[in-house]
Structures are given as structure tokens and as C-alpha cells.
Amino acid sequence: MNRFARLATRLLAVPLGLVWLEPAAEAAGAVPECWPAGAAPDPAVLACCRWVAEDGRPRFLSHAGGGDGPPFAFGGVPLIGGSGELLGVLAVADRDLRAWSEDDVRDLSDLAAACSAQMRMRSRSETVRQAREAAEDAAHAAAGEATRVHELLNRSELLLRASEDLAGTSGLEDVRRQVGDLVGGDLGPARIDLVLVRQGMLHHVPSPVDGGFAAPGGAGVAGRPARRA
């Protein structure tokens, strides 16, 4: 924004130009953008900027200040946002007392309009950036949720298919074959063992590749107590 302060000093032939931000920004520690860059405006100049902001209309004073400091000439125009809100003040100050001409008033007002437009564009760009980041975050969250839902659906379909396929089985070999069909696609197991619960005991029924399996209650079937849920 200090380029508008620089242009103001050149157009109105004054030693100081500044863009003073609205009171909330000033209270938050925002520093006026001045020309020359890094210049520290006199507190009396800042007081005139606040007066313009409170009044909401341009002020051109041929004699301002006073008190403990020397008098100065001051000109300030409010910077207005898209909804009519105050953004700040574009101001100039001259150590020499002067009568501001109509050209001076018009030139500073035109610069203030351009400065206001620039500030509104910055605000819109920031709003768009924040909206884009929020949309990207929402899309990422939605993609993660879609993946989770897809996994749940796949599990549900597998369980439903398993219940349908196993409902009509008869015997351990039939069960083992149906389980192999269910999980054999992606997992490709080398063997499928079964664990049966009989009389409160877990009984391991090994795959036939181990040399056959024992019939229920027969020899070679290891058992241990089943855990209760």
C-alpha cells in the first residue's frame, strides 16, 4: 500500500504520505504504510487519520496539529470496502501550512478510490484462498470417508456371501472348500485350517495337505478350552 502513499506525495507535492488502517487493525499492532518508507508519522497526524475514520468523510485542513508540536497541513480520504465498511485512510501531511486546491482534493480522492479497490481485491483473494483450502480439506476428508465406507461395504458383502455359501455346506471338506473360494482371490492362501468348538473346547482341524484330518472326536485332534466372549 505504500506505493499509493508515494504517489500521493508526488501528486500533491508533500513530504509525507501514508495509508492508515482501520482502528481494529491499528489496535492489533498494524503499522501505517508510509512514504518515505519507514517514516514514523507524528502522533498528531495519526490523530487526524482517526478523526477522518470516525467522521467517515474526507478532511483537508490547512492548519492542523498544534499543542506540543508544530502545526501542519493535513489531507485525508477514507478507504471504503465493498460493503461500505471502513478499511482505512489515505492521508498526506505538509510541514508548511497550505490551502488545498480542488485539484489536490480530486487527486487524493482518486488515489483513495484506487487504493480501496486494491484492498478489496486483496481481501477477496484471501477469501478465495481460504475457501479453496477449506474445499481441499473437505474433499480429502470425503475421500477418506469414501474409502472407509467402501471397505465396510466390501466386508459386509463378504460376510453376506459367506453366510449364504456356508449355509448349505455339509461336512468339513465342504466348509473348507467354500472358505477357500471366499478368500482365495486376493489372499491366495496356501492352506486353510479350521478350528471347531466342541463341548467348550477349541479343536484344530489341519488342512489335508498335512496328511489328512481327524474326524470329530477321533485321535490326533488337539483341544483346549474355548474363550468365552
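The values are calculated or read from the model by the stated rules, or taken from the named source; none is laboratory data. Note that the structure is a prediction, hence the values are computed from the model and not measured. Positions of Cβ are backbone-derived with ideal geometry, glycine not excepted, and every protein chain shown enters the neighbour counts. For the accessible areas, the whole protein counts, side chains as well, though only heavy atoms, and no ligand, DNA or RNA atoms are used. Shrake-Rupley method; radii C 1.70, N 1.55, O 1.52, S 1.80 Å.
Just checking, does segment 6-15 include any residue being under 16 Å from VAL92 (Cβ atoms) and under 28 Å from the mean Cα position of the chain (by Cα)?
Looking only at segment 6-15, we keep the residues that are under 16 Å from VAL92 (Cβ atoms), and these are 6-15.
If we keep only those that are under 28 Å from the mean Cα position of the chain (by Cα) too, we end up with none.
No, segment 6-15 contains no residue that is under 16 Å from VAL92 (Cβ atoms) and under 28 Å from the mean Cα position of the chain (by Cα).
Can you go through ALA73, ALA5 and tell me which one is more than 25 Å from ARG120 (Cα to Cα) and either without any contact (Cβ under 8 Å) to a residue 12 or more places away in the chain or open to solvent by less than 50 Å² (accessible area, probe 1.4 Å) (or both)? Steps first, answer last, please.
Numbers: ALA5 fails: more than 25 Å from ARG120 (Cα to Cα).
None of the other options fit; the residue is ALA73.
With respect to GLU54, determine if the residue is modelled with pLDDT under 95 and among the acidic types (Asp, Glu).
Numbers: modelled with pLDDT under 95: yes; among the acidic types (Asp, Glu): yes.
In short, yes.
When each of ALA73, ALA44, ALA28 is tested for being at pLDDT below 90 and out of contact with any helix residue (DSSP H, G or I) (no Cβ under 9 Å at 6 or more places or on another chain), the lone residue that passes is ALA28. Quick check, is LEU153 modelled with pLDDT of 75 or more and either open to solvent by 60 Å² or more (accessible area, probe 1.4 Å) or part of a helix (DSSP H, G or I) (or both)? In short, yes.
Yes/no matrix, rows are residues, columns are (1) open to solvent by less than 50 Å² (accessible area, probe 1.4 Å); (2) part of a loop (DSSP other than H, G, I, E, B); (3) closer than 25 Å to ARG122 by Cα; (4) small (Gly, Ala, Ser):
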site: TRP20; (1), (2), (3), (4): yes, no, yes, no
site: LEU46; (1), (2), (3), (4): yes, no, yes, no
site: GLY69; (1), (2), (3), (4): yes, yes, no, yes
site: LEU79; (1), (2), (3), (4): yes, no, yes, no
site: SER83; (1), (2), (3), (4): no, yes, yes, yes
site: ALA91; (1), (2), (3), (4): yes, no, yes, yes
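Criterion first (modelled with pLDDT under 75, of a type outside the set (Val, Ile, Thr) and surrounded by fewer than 10 Cβ atoms within 10 Å (Cβ to Cβ)) does ALA167 satisfy it? Yes. Within segment 93-106, can you find the residues that are crowded, with 18+ Cβ neighbours inside 10 Å and in a helix (DSSP H, G or I)? Answer for segment 93-106, where residues must be crowded, with 18+ Cβ neighbours inside 10 Å and in a helix (DSSP H, G or I): just ASP104. Among the conditions (1) at pLDDT below 95; (2) among the hydrophobic types (A, V, I, L, M, F, W, C); (3) within 20 Å of ALA30 (Cβ to Cβ); (4) touching a strand residue (DSSP E or B) at 6+ places or on another chain (Cβ under 9 Å), LEU97 misses just one, which is (3). Scanning segment 22-44 for residues that are open to solvent by 60 Å² or more (accessible area, probe 1.4 Å), among the small types (Gly, Ala, Ser) and in contact (Cβ under 8 Å) with a residue 12 or more places away in the chain turns up just one, ALA37.
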